[in-house]
Amino acid sequence: MPSVALFSLLTLLAYSASPVSAEQKPITPSSIRGLNPALYDKYEPNPAGTFQCLDGSKIIKYSAINDDYCDCPDGSDEPGTSACSNGVFWCKNEGHIPGQVLSSRVNDGICDPECCDGSDEWATGACPDKCAEIGKKYRDEEEAIRKTRKTGAKIRGTYIKWAQGEKKRLETEVENKKKELREKEQEVERARVALEKTESKSKEELEKKKTSPLYQSLLTHRLTLTRLRSKTQRLQDELDTLHSILDELSKGYNPNYQDMAVKAAVVGYEEYTGKAAAPSEEEKPHVEENKEEEEEIKDWELDELERKDLESLLWQSGPEDDGNDDDEEEGGLLWKIDEYIPDSLYDSWESVRDTAIEWMIRLGLIGKKKASKTSIAEGPHVAAARDKHRGLSNELNKLKNAVSDTENTLEKMDKEYGPQAEWKKLDGVCVDKVSGDYTYELCFFGKATQKSNKDGATNHMGTFSEWNTAAEQGSFEYYTKQLYKNGARCWNGPLRSVSVDLSCGTQNALLSISEPEKCEYRYKVTTPALCWPDEQDVGGSVKSEEEDKIKEEL
């Protein structure tokens, strides 16, 4: 700007016109305009009257500092002018906090908020000193933040106290369950040994029963039945062959040949198969009288007899079990599945199975429900021993799962739930907010959802995935963000996800919802869990971030 250049020129002329006064008032670091007090030791005058650039690249006359000419490559010789574009101008800002701007913004006629005292416009005088007003507003805001943080810290303290009690309770619970686990393991082992002994004794008893005359007779009858069915099948095959031959003969027979033997065979075959002329009324009763009606046995009945479990009959003691396997067949698949269900899932399966069978009984699809079903080579005493072993094994697995779940929770309390486990109190706590046509809900460490206020339709927005991995684990910044991923897929878009920005507040509240990218949502949430005490001051962290930003700009 011409006015700025003219003002600088007049200032230099004034300095050169009064050399005696300049000598009488030596320059000190505190008198150097725009110099950060933290650098005073670098600008101390020396007997030689020289100044070394902060980057060590040059040595210039001390009087060349702030002479509106850039001598040092790093701009360190011109902290109070705009001669060096890469320099820094420091503002004292009395009544507020100090600030700094790039030297290129000095005397540009623009009031920079970093210099509320207007000292960066010392040549133009364009900016009045507003630090008193701005400082008061800043202090009022800081006081409000401090009060919020103080109140929130008290609430956070209750979270921590609760978490400490919960941790002790869980540790005691783990110890008790581990003790119970050891006892249960011994019970299971005793039941296993008893089952093996019972099975062994059952097999010996079964082998002994197999030597009985009745069982041997049944085996003989079954073998005879099998041989008889084989012979019957063979005779049937021969009969089918004869039928085929005679049928062909009857079709190709020429009665003009006067072959009486062939004629007799053909006539007899046709009468047997019903292809001949119908008999007279007098003959018909005579034929029917010679035929005895008898009920033929079906193939499936023979199959049932052959499949009959003879060994299971050896364990049947009551008349209600004799010759009636209908109930064993009905719903049998549900019982057979028992053998393939893992012990950890057996309790859930048992409930589903019993409910299914109960409804099948009500609907008349099967007969009465059976309490249990023994295997081929075992009796009820073996089934009872196996049921006891299975029941104890299921209880053991439940205990193992409970111990594992509790240990995982304790591990999370040391890592995932904050430095003092304060976030454990919020596990499962939900906050919500109505925005437009939807109600948005966030359940800490659970799910984020979107519910339509018109038809009640719900969209899954994501499940808790991680904290702010860009920050160091355990730091304040680490707990200022949560990510909820793998929600329902948007139409013609990605899976929904939510980034949650957390800040200190006296209440757990969802303040706002935005969608900066398609199906990528951002929630702003306040919570007392983030109100760290003064020694871990959030405001201090913010100040540090602002200073870092200025340094990056420089």
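The values are calculated or read from the model by the stated rules, or taken from the named source; none is laboratory data. In this text the structure is predicted, and so the values were computed from the model without any measurement. Glycine gets a Cβ as well: all are built from the backbone with ideal geometry, and neighbour counts include every protein chain shown. Just the protein is used for accessible areas: all its heavy atoms, side chains included, with ligands, DNA and RNA removed. Shrake-Rupley method; radii C 1.70, N 1.55, O 1.52, S 1.80 Å.
The figures follow:
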{"read-out": "Residue in the stretch 123-144 that is surrounded by 19 or more Cβ atoms within 10 Å (Cβ to Cβ) and of a type in the set (S, T, Y) present", "value": "no"}
{"read-out": "Scan of the stretch 84-94 for residues that are open to solvent by less than 40 Å² (accessible area, probe 1.4 Å) and either in a loop (DSSP other than H, G, I, E, B) or aliphatic (A, V, I, L, M) (or both), ordered by number", "value": "C84, G87, N93"}
{"read-out": "Test: I97 is touching a residue at least 24 places away in the same chain (Cβ under 8 Å) and open to solvent by 40 Å² or more (accessible area, probe 1.4 Å)", "value": "yes"}
{"read-out": "Filtered residues of the stretch 385-405 (kept if modelled with pLDDT under 85 and hydrophobic (A, V, I, L, M, F, W, C))", "value": "A385"}
{"read-out": "Hey, Q473 under 21 Å from the mean Cα position of the chain (by Cα), among the polar types (S, T, N, Q) and surrounded by 13 or more Cβ atoms within 10 Å (Cβ to Cβ) or not", "value": "no"}
{"read-out": "Qualifying residue in the stretch 151-174 (condition: farther than 27 Å from T406 by Cα, touching a residue at least 24 places away in the same chain (Cβ under 8 Å), part of a helix (DSSP H, G or I) and touching a strand residue (DSSP E or B) at 6+ places or on another chain (Cβ under 6 Å))", "value": "yes"}
{"read-out": "Residue that is surrounded by the fewest Cβ atoms within 10 Å (Cβ to Cβ), among those in the stretch 38-66 that are under 60 Å from the mean Cα position of the chain (by Cα) and in a loop (DSSP other than H, G, I, E, B)", "value": "G56"}
{"read-out": "Selection within the stretch 442-463 - open to solvent by 60 Å² or more (accessible area, probe 1.4 Å) and in a strand (DSSP E or B)", "value": "K447, K451, T458"}
{"read-out": "Identity of the residue in the stretch 102-120, among the hydrophobic types (A, V, I, L, M, F, W, C) and over 11 Å from S82 (Cα atoms), that ends up surrounded by the fewest Cβ atoms within 10 Å (Cβ to Cβ)", "value": "I110"}
{"read-out": "Residues within the stretch 476-495 that are open to solvent by 60 Å² or more (accessible area, probe 1.4 Å) and modelled with pLDDT under 90, tallied", "value": "2"}
{"read-out": "Exclusive hit being more than 47 Å from the chain's Cα centre (by Cα), modelled with pLDDT of 90 or more and not in a loop (DSSP other than H, G, I, E, B), set I110, I134", "value": "I134"}
{"read-out": "Which listed residue, of T439, T409, is in a helix (DSSP H, G or I), open to solvent by less than 40 Å² (accessible area, probe 1.4 Å), in contact with a Lys or Arg (Cβ under 9 Å, 6 or more places away or on another chain) and hydroxyl-bearing (S, T, Y)", "value": "T409"}
